[in-house]
Amino acid sequence: MTTNRTFTMIKPDAVENGYIGKILDMITEAGFEIKAMKYTRLSQKQAEDFYAVHAERPFYGELVSYMTSGPIVAAILEKDNAVADFRTLIGATDPSEAAEGTVRKAYAESKGRNAVHGSDSDENADIEGKFHFAFEEIH
Ligand code: IDP
Ligand code: MG
């Protein structure tokens, strides 16, 4: 398993608000290299499966409907210590708790509509990357 990769999505709120370029700029400026990328829209089933771990949480329905509400940018990123460094770059789940200089502080609307996803472990980075990209789409 690769330990220097993470998986991200620029979520529908950030796409809708015109922040794709600004967020990709923050990501590349922070030293992440893009290994795979696509502009796509999650189906109901894809969103349900991707967030299955949250199925019992009260916000699950809201989360699935938000994540299918518009297009996203999905990407696999590479950097030493990618998972932890990317979580630092995006900041806390709730933008009101996110540190200055983080993506969520700058661009998230709320705890639910929080601009970006970042994998929380090497294992999930691998699973989530493969969920969205075929082998030949990763370079
Ligand atoms: P993370 O994205 O920072 O890892 P998680 O706790 O894994 O946060 O939650 C996954 C996603 O579910 C969040 O990014 C956010 O979009 C949504 N979410 C989490 N907590 C809430 C909540 O309390 N209300 C609404 N949506 C939430
Ligand atoms: Mg999470």
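Each value in this text was obtained by applying a stated rule to the coordinates, not by laboratory testing. No experiment lies behind these values; they were computed from the predicted model shown. Cβ placement follows ideal geometry from the backbone for every residue including glycine, while neighbour counts extend to all protein chains displayed.
Could you identify the single residue in Ala115, Ala74 that is touching a Phe, Trp or Tyr at 6+ places or on another chain (Cβ under 8 Å), within 25 Å of Asp49 (Cα to Cα), surrounded by fewer than 23 Cβ atoms within 10 Å (Cβ to Cβ) and in contact (Cβ under 8 Å) with a residue 12 or more places away in the chain? Answer to the selection: Ala74. Selection of the stretch 90-112 for residues being over 19 Å from Ser69 (Cα atoms), surrounded by fewer than 18 Cβ atoms within 10 Å (Cβ to Cβ), within 10 Å of ligand 1 (Cβ to nearest atom) and not acidic (Asp, Glu) yields Ala92, Thr93.
For the stretch 37-71, a tally of residues being touching a residue at least 40 places away in the same chain (Cβ under 8 Å), crowded, with 20+ Cβ neighbours inside 10 Å and away from ligand 1 (no atom under 12 Å from the Cβ) returns 0. Total residues in the stretch 116-139 satisfying the condition of being outside any helix (DSSP H, G or I) and within 13 Å of ligand 2 (Cβ to nearest atom): the figure is 6.
In the stretch 10-53, the residue that is farthest from Val73 (Cα to Cα) out of those that are among the β-branched types (Val, Ile, Thr) and within 15 Å of the chain's Cα centre (by Cα) is Thr28.
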